[in-house]
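The values are calculated or read from the model by the stated rules, or taken from the named source; none is laboratory data. Small disclaimer: the values here were computed from a predicted structure and weren't measured. Virtual Cβ from ideal backbone geometry, glycine too; neighbours counted across all protein chains shown. Please note that ligands, DNA and RNA were not included when accessible areas were found on the heavy atoms of the full protein model with its side chains. Shrake-Rupley method; radii C 1.70, N 1.55, O 1.52, S 1.80 Å.
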Amino acid sequence: MLAKSYPYYLANQPQTSKEMMDVLDKYTGKVATRVAVPDAKATEKAIAAAAKATGPMRDFKPWARQQVLQHCADRFVERREELAYALCVEAGKPIRDSDGEVTRLIETFRIAAEEAVRVNGETFNMEIAQRLNGYHGYTKRVPLGPVSFITPFNFPLNLVAHKVAPAIAAGCPFVLKPAERTPIGALIIGEILAETDLPKGAFSVLNLDGKHAGPLVEDPRFKLLSFTGSQLGWDLKTRAGHKKVTLELGGNAACIVDSDQGPKLDYVIERLVFGALYQSGQSCISVQRIYVHESIYDEVKKRLVAAVKKLKAGDPKKKDTFLGPMIDEAAAERLHGWIEDARKGGGKVLCGGKRNGAMLEATLMEDVPTDSKANRMEAFGPFALLAPYRKFDDAVAMVNDSDFGLQAGIFTDSLDHAMRAWNDLEQGGVIVNDVPSFRVDNMPYGGIKLSGIGREGVRYAIEDMTELRLMVMREL
């Protein structure tokens with residue numbers, strides 16, 4: 001179902017090149033397809049085209065932007081099976097989860113289509129003193145202009161959608177660099193965008209490696225850089241100059257299980273397994289730290305270990321596979337090393353802990369040293385640690401003892417504990433009675449501390465890609 005090769009897109013048009021890049025099947029390790037790689041001249045042409053398209057995109061009416069986004073959503077539905085299969089191959093994501101990501105791709109474009117005709121300003125009262133009688137204030141939102149996007153490998157459809165769809169809704173031309181290891185989904189999106197009547201230069205999709213992506217960060221013609229990925233984002237921010245920057249840089253998400261959850265453990269365990277191990281834990285909001293009240297700790301541990309041991313690992317193309325490979329062997333080797341270091345420091349492996357190439361067993365540990373990498377850094381793999389707590393304040397302190405702050409979860413029947421979590425947890429978002437891995441594509445999503453700056457979610461991204469323009473009028 002994959003093409004033998006894929007072009008890149010320059011100013012809305014597919015382009016081939018002499019230089020090609022292999023895309024591997026992440027489970028077999030074999031070459032699945034190849035993609036065309038642009039040179040420096042093509043990158044410059046893409047940026048220049050985006051700058052030239054600023055006016056035409058600004059004048060491209062909201063209803064027309066909406067039609068483009070609706071067309072994309074409809075075509076994603078038609079090509080759903082192809083998109084899911086491509087994602088399964090290039091990311092190693094189990095096929096049922098790949099299909100779920102296609103659903104989110106469709107939903108994100110549909111949300112953006114609705115928002116495209118709701119990019120509004122406001123009227124506000126200026127008659128706050130006698131000297132201001134007859135004055136009235138108005139604002140409207142106008143597109144920033146050209147924007148650049150850099151996306152990671154783990155959600156190569158949905159994280160592209162969260163940048164591309166709001167840009168179209170806002171009226172901003174863009175240049176996108178998808179992840180080198182998972183570019184196919186973005187290129188299929190580019191193919192579908194090329195079917196529309198977007199102004200020339202409205203979009204380019206460039207298969208660049210990190211060494212050649214500098215212009216997308218540094219070029220002053222871009223008015224915004226949106227980056228999702230590793231802590232490298234902070235370096236990109238320093239290089240970005242005066243443009244706006246939004247960063248989503250991961251976390252080591254924690255989840256609290258309160259003392260009153262004993263009757264609901266079937267649900268709690270099911271959600272913890274999903275949150276920690278979905279997509280082999282390769283999610284920025286994957287459950288990595290689980291803090292359980294001491295009164296139910298042993299029962300949660302027993303049930304959680306039993307549930308994890310039942311998970312089927314293997315070929316992600318099979319519908320009953322839950323756990324596929326990590327993105328590559330180096331990633332699996334890194335996390336396996338962290339697990340071994342934690343074990344040598346006194347940590348106890350409850351299940352898993354073994355590696356075979358890019359396949360790392362689903363691993364649960366307890367007694368993990370608080371200063372270990374497995375606790376302090378982002379695991380980004382099929383791993384979670386458990387620890388008991390006695391008082392709720394202790395659990396809050398354990399969650400906050402992190403350099404990251406993206407999302408946290410809490411399972412509780414206590415309104416007081418839910419509100420205290422919302423008030424006191426140092427996180428961009430708090431999810432009550434579900435895992436921190438929960439996300440809906442219209443909600444504001446983003447973090448604090450080392451987890452980044454800014455918010456995704458269609459409406460919030462549109463706000464970042466537009467600016468307020470004020471008009472004051474006096475009655476004469």
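I'm trying to understand the selection: among the residues of the range 276-302, which are in contact with an Asp or Glu (Cβ under 8 Å, 6 or more places away or on another chain) and either at positive phi or part of a helix (DSSP H, G or I) (or both)? Quick ask: steps written out before the conclusion?
Restricting attention to the range 276-302, the residues satisfying the condition of being in contact with an Asp or Glu (Cβ under 8 Å, 6 or more places away or on another chain) are 278-279, 284, 288, 293, 301.
Hits for the range 276-302 are Tyr278, Gln279, Lys301.
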task = Would you please name the residue that is surrounded by the most Cβ atoms within 10 Å (Cβ to Cβ), looking only at residues in the range 177-218 that are more than 19 Å from the chain's Cα centre (by Cα) and among the charged types (D, E, K, R)?
result = Glu191
Any chance Gly353 is in a loop (DSSP other than H, G, I, E, B), in contact (Cβ under 8 Å) with a residue 40 or more places away in the chain and touching a strand residue (DSSP E or B) at 6+ places or on another chain (Cβ under 8 Å) = no
query = Looking at the range 116-133, is at least one residue buried (at least 20 other Cβ atoms within 10 Å of the Cβ) and assigned to a loop (DSSP other than H, G, I, E, B)?
reply = yes
task = Would you check which residues across the range 357-387 are farther than 14 Å from Leu277 by Cα, free of Cβ contacts under 8 Å to residues at least 60 places away in the same chain and open to solvent by 40 Å² or more (accessible area, probe 1.4 Å) and list them?
result = Asp367, Thr370, Asp371, Lys373
note = Only one of Phe155, Phe174, Phe149 is touching a residue at least 40 places away in the same chain (Cβ under 8 Å), under 16 Å from Val458 (Cβ atoms) and open to solvent by 10 Å² or more (accessible area, probe 1.4 Å), namely Phe155
key: Residue list for the range 388-414, filter: open to solvent by less than 20 Å² (accessible area, probe 1.4 Å), touching a helix residue (DSSP H, G or I) at 6+ places or on another chain (Cβ under 8 Å) and small (Gly, Ala, Ser)   = Ser402, Ala408, Gly409
ask   = Just one of the numbered conditions (1) of a type in the set (S, T, N, Q); (2) in contact with a helix residue (DSSP H, G or I) (Cβ under 7 Å, 6 or more places away or on another chain); (3) within 30 Å of Asp315 (Cα to Cα) is not true of Ser148; which one?
value = (3)
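Okay, residues lined up against (1) in a loop (DSSP other than H, G, I, E, B); (2) small (Gly, Ala, Ser):
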| residue | (1), (2) |
| --- | --- |
| Leu364 | no, no |
| Ala387 | no, yes |
| Ala397 | no, yes |
| Ser402 | yes, yes |
| Tyr460 | no, no |
| Glu463 | no, no |
